[in-house]
Structures are given as structure tokens and as C-alpha cells.
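Visitor: Structure in C-alpha cells, see below.
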Amino acid sequence: MKLKVWFLATRPWSFIMTVISSALGASFAFNEFNAFIYSLSLVGLIVAHAATNMINDYFDVKTRVDKEGAPTSKYRPHPYLFGEISRSSFLSAIILLYILVIAIAFYLYLIRNAIVILLLFIGLLVSILYTLPKLSLKYKALGEPFVAIIWGPFMVLGTYYVLTLKFNITVLIASIPIGVLVALVLMANNLRDIEYDTQAGIKTIPIILGRRRALNLFKILLVSCYVITGLVAYLGEFFAILSFISIYQAYNIIKKFEKEIPINADPIVANLTLYFGILYIVGIIISNYLKVY
């Protein structure tokens with residue numbers, strides 16, 4: 001089987017979100033940065049993300065949420081849905097990825113401390129419960145909150161802790177905008193798919209609130225990202241305001257969504273998250289550099 005098919009089955013385009021979140025945590029550890037520990041942590045997070053994407057696809061196909069003609073089958077590759085990978089091979093790959101994640105976490109535990117095992121447990125639990133039939137967080141209107149927590153405080157503060165063995169309230173606050181933006185990628189997807197998800201018997205925040213109120217919530221959350229970033233700047237990370245350069249892009253997204261939710265709604269928000277995230281990280285690095293020198 002072609003390596004490209006397996007690569008696409010992991011949804012590699014989504015890994016940039018994990019890179020941004022982990023890099024943000026690392027940027028706060030400017031004085032205590034360890035390239036080896038960070039690289040190992042990042043690999044572990046990306047492998048966990050790949051396993052989560054694949055088990056998500058497995059359960060979505062199993063429960064017929066994903067099927068031919070579903071929105072997800074139209075805008076991205078879905079090798080498992082279209083039979084390019086067998087069920088047994090797909091499950092075996094998922095298990096191997098989880099084993100690799102556990103192995104990396106165990107090694108980090110040996111060179112850091114037991115908090116790494118706690119982080120592993122939380123991460124695996126959410127990864128599996130996200131689309132596990134009957135307990136699915138994603139389809140009980142809990143997808144966005146858990147995505148915000150995992151790509152925000154969990155990854156950002158978790159990366160910072162693994163590097164420094166310390167917790168920091170400013171890092172916790174600073175993690176919120178990135179977590180919310182990643183959650184808004186999912187909300188954009190759910191706004192677009194309201195009709196299909198309703199027919200599939202799924203509960204999402206846009207279905208519960210309705211399109212208009214869900215869009216208003218989307219706008220409030222998007223604005224809150226910049227408000228919280230301003231607070232981070234006030235708390236001593238002044239150059240975090242570099243991320244404000246992305247405000248015009250955010251404004252254009254709101255105007256576009258008010259007219260119509262486009263088919264590529266989630267990639268549009270993902271692009272904003274990437275742009276915001278890069279500017280945010282650069283700003284944090286500059287702020288910490290100036291504190292030292």
C-alpha cells in the first residue's frame with residue numbers, strides 16, 4: 001500500500017495546530033529550553049494527534065456519521081471511508097500509534113517526573129472518548145470545549161511544564177486564545193454542517209443554539225481571543241500584541257460568515273489560527289528575549 005495513503009489517513013494538515021500550541025508553550029520556556037525534550041514532546045503530541053484523527057475516522061465510519069456523500073467525504077481525503085485501507089490494518093496502525101505515544105511518555109517520565117503520566121492519561125482518555133460510540137464528546141455538543149482545553153491549557157501549559165517542571169499562571173492565560181481558535185475551527189465545520197449533522201442525529205453547539213446564535217457565539221469567542229491576548233501583553237508579554245496584525249483577517253471571516261458559511265469554513269479559520277499563532281509566538285519570544293538581555 002502506498003505510503004501516501006497512510007500519510008493522508010492521519011490528516012497531516014491538522015498537525016500544524018499541535019505544532020503551534022506546543023511551540024507557544026516552548027516560547028515561554030525561553031531560558032530553560034531543551035531542544036531534545038521539546039522535540040520528543042512534540043513528536044509525542046503529533047503521534048497522539050494522528051492516532052486521535054484515525055480513531056475518530058474509524059468510529060465515524062462505524063456509526064455511519066461518515067459515509068459517501070457526507071460533507072467530510074467531499075472536502076478532504078478519507079482513505080478508510082473509501083476502502084483504501086482495510087479495517088484490520090487501520091486498527092493495527094491506530095494501536096501502534098498509541099503504543100508509540102505511551103513509549104515516548106514513559107521515557108519523558110523517566111527523565112522528568114510522574115506528571116507526564118498524568119498528562120498521558122488525560123490525553124488518551126479524551127482521544128478515545130472524543131468519538132467513542134454512545135460516549136462521544138464530539139457529538140454531545142462537547143467537541144469545542146474539549147478541543148479548546150486540549151489545544152489550549154493542556155498542550156501549551158503541558159509543554160511548558162515538561163520543559164521547566166513549573167506551572168505559570170501567565171502561560172495558562174496565554175494558552176486560552178490558541179485553544180479557542182482551534183475550537184473555532186471545529187465550530188466553523190459544525191456551522192457549515194448543521195443540516196447534515198441534524199439528519200445524522202448528532203448534537204453540536206450550532207444545532208443546539210441555532211445558526212444565528214451559534215454565529216454570534218463564534219464572533220464573541222473570536223473577539224475574546226484578542227481581548228485575552230491584550231491581557232497577556234499587560235501581564236508582561238508586551239509583544240504578544242503582534243498577533244493583533246491578524247485582526248483584519250478575523251474581521252473578514254466574520255463578514256464572510258455573516259453572508260454565508262462557505263464550504264471551506266474550517267480551513268479559513270485554521271488559516272487565521274496559523275497566522276495568529278505564528279505572530280503570537282514570535283511576540284512571546286521577543287518579550288522573553290528582552291527580559292533576559
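Visitor: Looking only at Cα atoms, what is the convex hull volume of the stretch 103-213 per residue, in Å³? Don't jump to the answer; show the numbers that get you there.
Guide: Working: hull volume 11.7 nm³, N = 111.
Each residue corresponds to 105 Å³ of Cα convex hull volume.
Visitor: Something else: For a quick check of your reading of the filter: which GluC sites (Glu not before Pro) in the stretch 21-111 sit in a DSSP loop and have no more than 14 other Cβ atoms within 10 Å?
Guide: 68
Visitor: What FRET efficiency do you get for residue 113 and residue 291 if R0 is 35 Å and r is their Cβ-Cβ distance, rounded to the nearest 0.05?
Guide: Working: r = 26 Å, r/R0 = 0.75.
Here the calculated transfer efficiency is 0.85.
Visitor: At 27 Å minimum axial length over the Cα atoms and a Kyte-Doolittle cut of 0.5, report the qualifying DSSP H helices in the chain, or say none. Can you show the working numbers first?
Guide: Working: long enough: 35-62 (40 Å, 0.92); 87-111 (37 Å, 2.17); 169-192 (35 Å, 1.92); 211-234 (35 Å, 1.00); 265-292 (41 Å, 1.39).
Membrane-span-like by this rule: 35-62, 87-111, 169-192, 211-234, 265-292.
Visitor: Just name one of 48, 65, 77: the one whose Cα is farthest towards the positive end of the charge dipole of the stretch 43-147 (beta-carbon charges, Lys/Arg +1, Asp/Glu -1).
Guide: Of 48, 65, 77, it is 65.
Visitor: Something else about it: Once a ≥ b ≥ c are taken as the square roots of the eigenvalues of the Cα gyration tensor of the stretch 200-257, is the result rounded (a/c under 1.5), prolate (a/b larger than b/c) or oblate (a/b not larger than b/c)? Mind dumping the intermediate values first?
Guide: Numbers: a/c = 3.70, a/b = 2.16, b/c = 1.71.
Prolate shape, in that a/c is at least 1.5 and a/b is the bigger ratio.
Visitor: While we're here: Counting helices only, and only those DSSP H runs with n ≥ 4, report the 222 nm mean residue ellipticity of the chain as the sum of -39,500 (n - 2.57) divided by its residues, in deg cm²/dmol to the nearest 500.
Guide: Mean residue ellipticity at 222 nm (helix-derived): -23500 deg cm²/dmol.
Visitor: Moving to a separate point now. Please work out which option in [x] 57, 47, 32; [y] 66, 54, 37; [z] 86, 42, 33 gives Cα extents along the principal axes in Å calculated from these coordinates, and answer with its label.
Guide: Recomputing Cα extents along the principal axes in Å here gives the entry labelled [x].
Visitor: On to the next question. Using the eigenvalues of the Cα gyration tensor, what equivalent ellipsoid semi-axes result for the stretch 26-120 when each is taken as the square root of five times the eigenvalue, whole Å, largest first?
Guide: Output for the stretch 26-120: semi-axes of 34, 15, 10 Å.
Visitor: Within 10 Å, count the other beta carbons around each residue, average over each peptide in 240-253, 175-188, and list them highest first.
Guide: The packing order, highest mean first, is 175-188, 240-253.
Visitor: Would you kindly state how much longer the chain becomes between residue 271 and residue 16 on full extension, computed as 0.36 nm times their sequence separation minus their alpha carbon distance, in nm to one decimal?
Guide: Using 0.36 nm per residue and subtracting the Cα-Cα distance, I get 90.8 nm.
Visitor: Could you sort 259, 140 by their accessible area in this structure, using a 1.4 Å probe and putting the largest first?
Guide: 259, 140
Visitor: Using the alpha-carbon centroid of each, what span in Å lies between the stretch 262-285 and the stretch 108-130?
Guide: Cα centroid of the stretch 262-285 versus Cα centroid of the stretch 108-130: 27 Å apart.
Visitor: Also, I was wondering about something else. Of all alpha-carbon pairs in the stretch 158-293, indicate the percentage at a distance above 18 angstrom. Write out the running numbers ahead of the final one.
Guide: On the way: 5293 of 9180 pairs.
Here the tail beyond 18 Å accounts for 58 percent of pairs.
Visitor: Work out the length of the dipole vector of the chain about its Cα centre, built from +1 on the beta-carbon of each Lys and Arg and -1 on the beta-carbon of each Asp and Glu, and round it to the nearest 20 debye.
Guide: In total the dipole reaches around 400 debye.
Visitor: Ok, one more. Give the accessible area for residue 195 in Å² (nearest 10); use a 1.4 Å probe, count only protein heavy atoms, and leave out ligands, DNA and RNA.
Guide: Number for this one is 100 Å².
Visitor: Whole Å is fine, so just give me how far the alpha carbon centre of the stretch 179-233 lies from that of the stretch 1-71.
Guide: Between the Cα centres of the stretch 179-233 and the stretch 1-71 lies a distance of 21 Å.
Visitor: Rounded to the nearest 10 Å², what accessible area does residue 170 show when all protein chains are kept and the probe is 1.4 Å?
Guide: Rounded to the nearest 10, the figure is 20 Å².
Visitor: I would also like to ask the following. In the stretch 45-100, what trypsin sites (Lys or Arg not before Pro) fall in a loop by DSSP, with at most 16 other Cβ atoms inside 10 Å?
Guide: For trypsin sites (Lys or Arg not before Pro) across the stretch 45-100 that sit outside H, G, I, E and B with at most 16 neighbouring Cβ atoms in 10 Å, the list reads 64, 67.
Visitor: A follow-up question, please. With every protein chain kept in the model, how would you rank 151, 6 by accessible area, 1.4 Å probe, largest at the top?
Guide: My answer, sorted largest first, is 6, 151.
Visitor: Can you give me the distance in nm between label points at residue 220 and residue 132, each placed 7 Å from the Cα along the Cα-to-Cβ direction?
Guide: Roughly 3.2 nm, to one decimal.
The values are calculated or read from the model by the stated rules, or taken from the named source; none is laboratory data. Bear in mind the structure is a predicted one, so any value in this text is a computation, not a measurement. All Cβ positions, even for glycine, are placed from backbone atoms using ideal geometry, and neighbour counts span all protein chains on display. Surface areas here come from the heavy atoms of the whole protein model, side chains and all, with no ligands, DNA or RNA. Shrake-Rupley method; radii C 1.70, N 1.55, O 1.52, S 1.80 Å.
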